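Notes follow the structure.
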Amino acid sequence: RLVREFVAQNNTSQIKHVIQILSQEFALSQHPHSRKGGLIGLAACSIALGKDSGLYLKELIEPVLTCFNDADSRLRYYACEALYNIVKVARGSVLPHFNVLFDGLSKLAADPDPNVKSGSELLDRLLKDIVTESNQFDLVGFIPLLRERIYSNNQYARQFIISWILVLESVPDINLLDYLPEILDGLFQILGDNSKEIRKMCEVALGEFLKEIKKNPSSVKFAEMANILVIHCQAADDLIQLTAMCWMREFIQLAGRVMLPYSSGILTAVLPCLSYDDRKKNIKEVANVCNQSLMKLVIPEDDEMDEAKQSNIPAEPTSEESLSKPEAASSGDRGRNELDIALNQTLSFPCSCERIQVTLNLDGIVQVLDCHLHDTSIGMMTRIAVLKWLYHLYIKTPRKMFRHTDSLFPILLRTLSDESDEVILKDLELLAEIASSPAGQTEEGHGPSDGSDVRPGPAELHVPARAGQLSSPGMKGLECSPSTPTMNSYFYKFMINLLKRFSSERKLLETRGAFIIRQLCLLLNAENIFHSMADILLREEDLKFASTMVHTLNTILLTSSELFQLRNQLKDLKTPESRNLFCCLYRSWCHNPVTTVSLCFLTQNYKHAYDLIQKFGDLEVTVDFLTEVDKLVQLIECPIFTYLRLQLLDVKNNPYLIKALYGLLMLLPQSSAFQLLSHRLQCVPNPELMQTTDNTKPGTSYKRTAASNIDYTELLQHFEKVQNKHLEARHQRAGRAEQLDRRVVL
C-alpha cells in the first residue's frame, strides 16, 4: 500500500528508500525470519510498482538472487517465489538482467530440495515464455555464460542448459546457429551423460542444429567446428562417436574443400573406424562415407597450386592434437581447453564456404597415413583404406607425392609381408604406380637406386651401382641392362628392394613370392620385371638365394597365364629385343642348371640344351638337383610344352631335342619321372632317324637360324663359370658346418 501511494505521487526517492530498507535490513539480514519477510516485501513492491517495476529491477533482483545461495532450503524457496512474482510483473523488462537470472536459475536447477527445484521450474518456464515472446533478447551477451555453464557435470544443470538451447533454437528471431562453434563441444559432452533422458534431449538439440545447417550451409562456420568434430569422432562413447561422425559426413558433403585443411585430423578419426566389427556397424558405414567423400575432394589442381597460398589457411592440428586420441573430458575446464584449441586454429576462416581458396596440405595427410601403416594393431580394412588413399594421392598429385616417396618406400615394402592378400594387392598397385608414374622420372635413369639405398649390408643384395655396368663392350646383342621405357627411376629401386626383401625374409618368398611377382606382371611390364630381376641377380653374392629366386622366376615364367605374351616372345627369338631378353635371363638362370635347360626348351634352343646337359656330368648331383629334373619332366608333360612334344614328330629337324630329352632320362634314377619320360620317348617315330652329324645344313633348323647372332659358346662358358662358383660355395658351407660340428663335440 505504501509503494502504491508513492507511485501515485511519483515519489521515486521514497520508493527506492523502501526497497533499500527491505533489501539491507530484511532480505540481507542475519536472521532467517527477517530474510523471509524481506523477500515477501520485495515481491510486494514489484506488484505495487506494476509496469514501473522495470525502473527498479536491479535493486529488486539482486538481494533475491543473493538468497538463492542461502543454506536454508525454505528460504531458497521464498527467494524463488519472490523472483517469480518480480519477473511476472516486469515481463520483457527483465531481459537486460537475463544473464544474472539465468545464472541463478542454473544453480537452483541442481538444488537438492524438491520444493526449491519445483519452484525454480515454474520460474524457468515463465522466463522461457518471456524470451520466446520478445525480440530484444541479447544473444551475444548470453553466449559466454552459456558456453561456461554448458560444461557443468550436474545432470539437472545439464538438463536445464539443454532445455534452454532447445527454446532458443525454436525462436525465429534468434539465430543460435551463428554461435554453434561456441557450444558444440559442450553439447557433445552432455551427449555422453548417464541419464537417458538428457542424452535424448541432447540428441534432439543436435538434430535440430544439423537440420538448420543443411537448410543454410552458406552461413555455417564449418571450419570453426571441424576440429571439434575430429575430437568427438574419436570418443569412446558409441553415441557420441556416431553422432560426431554423422556431422562430419554432412560437413564434408556440404562444405566441400573447406574441410581439406583438416584432412589429417579427419583421417586420424575416420580410418580406425573402418575396421570396426558388426557391433559398431553404423559407425563403420558412416566413417566409410566420410572417407570416400573426403577422398573425392582431392583434385589434380592440388598438384599445381602454389604452396605459398597456404598463408591464408589456418594451421592444421599439431601432431599431438591430430595423431593422438583425446580422452573424453572429465571436467568443464578440460572441455573448454579442447574447444579453445580447436577454435584458435580456425577463427580466421570466413563464414561462407564459397569464398574460400584452400590448398591441400599433403604433409599432414601423408604423416597420418604413414603412422597408420606403421601401427601393427590396426585392422585390415584400415590398412586397405590407407593404401587406397596413397594410391589416390599419387594419381591426383604425383608431383607433390614423390617428395614423400623415399620415406614411404620402406613401409610399403614391409607391407608386402601382410597376412591379407587384399592388403598386398593394394600395396602392389601403389608400388606399381610409383614405379611407372612419369612424375617419378629423374634426370639419370636409375638415380634413386644409387648411393646409400643400395649399398650392400646384412641380408642385402649386392648389385651394381648402375645396370649399364653389366654389359661388356664386346658383347653384341648380349646387353643385360633392362630397357624400361615405360618405367621411371623408381622402378629399378623397387626391383632391388623387393629382392632384398625376398632375400632377408625367405618365408615371404616361399608363401607369397609367386603371387607378388605375378601381380606385378599384370600391373607393370612383365618383360621389364624379368629383365631387371635377372640383371640384379647376376651380381647376387648369396648364391643359394640366387638359385632359389631363379627357380621361382622360372616357374612363374613357364606356368603363369599372366606371362603368355612373354613366353610367346621368347619362343621364337625373332627380334633383337627377344634375343637380348633371352641372353639376360640365361646369364642369371645359370645359377640353377635345370632352370637353364628349361629356358632353352622354352626358347627352342635344343642344341644348346643338349650341350648343357652334357655338362651336368661335371656337376655335383644332389637330391635337390634330381628333384628339379623330376619337376622339369612333369612340366614337359604340361600344356605349356605342347609345341615341344609335337616337334618330336619331326625327328629329322629336331635331333638335339630328342638327345636332350634322352640326356634328362639318363640323369634320372628309376623313378616315376623316369617312366613318364621313357614312355614319351617311346612314342617318337623312326628312332633310327635321330642320328645326326655336326655339319647339319643351316636351313634345316629354323630355330638356330633365327638366333644366329647369339654366341652360344660364350653362354656355355658363362654357365660353367657360375656353376664353379656354386660348387665352391657349397664346399665352403660344408667346411663351416664341419667346423661347427667339431666345436660341438669339443
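In nm, to one decimal, how far is the residue 33 label point from the residue 210 one, both placed 7 Å along Cα→Cβ?
5.9 nm
What's the center-to-center distance, using Cα atoms, between segment 164-218 and segment 574-604 in Å?
Result: 73 Å between the Cα centres.
Considering only the other residues whose Cβ falls under 15 Å of the Cβ of residue 675, what net charge follows from Lys and Arg at +1 and Asp and Glu at -1? Walk me through the numbers before you get to the answer.
Details: positive: 680; negative: 630, 637.
Spelling it out: positives minus negatives among the neighbours equals -1.
How big is segment 362-440 by the Kirkwood estimate over distinct Cα pairs, in Å? Let's see the in-between values first.
Values: mean 1/r = 0.0808 Å⁻¹.
One over the average 1/r among Cα pairs gives 12.4 Å for segment 362-440.
Note the full-extension length gain between residue 577 and residue 178 as 0.36 nm times their separation in residues minus their Cα-Cα distance, in nm to one decimal. Don't jump to the answer; show the numbers that get you there.
On the way: separation 399, 0.36 × 399 = 143.64 nm, distance 6.95 nm.
Between residue 577 and residue 178, full extension yields an extra 136.7 nm.
When a/c reaches 1.5 or more, the comparison of a/b and b/c decides; with that in mind, is segment 12-114 rounded, prolate or oblate per its Cα gyration tensor?
On the way: a/c = 2.04, a/b = 1.20, b/c = 1.70.
Since a/c reaches 1.5 but b/c is at least a/b, the shape of segment 12-114 is classed as oblate.
Mind checking segment 530-596 for trypsin sites (Lys or Arg not before Pro) that DSSP puts in a loop (not H, G, I, E or B) and that have at most 13 other Cβ atoms within 10 Å? Can you show the working numbers first?
Numbers: sites: 539, 544, 567, 571, 574, 579, 587; in loops: 539, 574.
Passing sites in segment 530-596 are 574.
Sorting check: for 552-562, 724-734, which peptide has the highest mean count of neighbouring beta carbons within 10 Å, and how do the rest follow? Intermediate values should be presented prior to the final figure.
Details: 552-562: 18.4, 724-734: 13.0.
For the peptides 552-562, 724-734, the packing ranking is 552-562, 724-734.
Can you sort 674, 641, 26 by solvent-accessible area, 1.4 Å probe, largest first? Intermediate values should be presented prior to the final figure.
Values: 674 35, 641 0, 26 85 Å².
Ranked list, largest accessible area first: 26, 674, 641.
Could you give the length gained by full extension between residue 626 and residue 717, i.e. 0.36 nm per residue of separation minus their alpha carbon distance, to one decimal place? Display every interim value, and only then the final one.
Details: separation 91, 0.36 × 91 = 32.76 nm, distance 2.30 nm.
The residue 626-residue 717 span can extend by a further 30.5 nm.
Measuring from the lowest to the highest alpha carbon on each principal axis, how far does segment 45-164 reach, largest first, in angstroms?
Extents along the principal axes, in whole Å: 39, 34, 20.
For segment 560-672, state the average projected area of the convex hull of the C-alpha atoms over all orientations, rounded to one decimal in nm².
On the way: hull surface 29.9 nm².
Result: 7.5 nm².
What accessible surface, in Å², does a 1.4 Å probe find on residue 268, ignoring ligands, DNA and RNA and rounding to the nearest 10?
Taking all protein chains as shown, residue 268 has close to 10 Å².
Taking K and R as +1 and D and E as -1, what net charge do the other residues with C-beta under 13 Å from the C-beta of residue 52 add up to? Walk me through the intermediate numbers first.
Numbers: positive: 4, 16, 51, 91; negative: 59.
In short, +3.
Could you pull out the pairs from 659/725; 280/426; 615/659 whose alpha carbons sit more than 19 Å apart here? Show your work: numbers first, answer last.
On the way: 659/725 28 Å; 280/426 25 Å; 615/659 14 Å.
As for pairs spanning more than 19 Å Cα to Cα, those are 659/725; 280/426.
The values are calculated or read from the model by the stated rules, or taken from the named source; none is laboratory data. In this text the structure is predicted, and so the values were computed from the model without any measurement. Cβ: placed from backbone, ideal geometry, glycine included. Neighbour counts: every protein chain shown. Side chains are part of the model used for accessible areas, which takes the heavy atoms of the whole protein and leaves out ligands, DNA and RNA. Shrake-Rupley method; radii C 1.70, N 1.55, O 1.52, S 1.80 Å.
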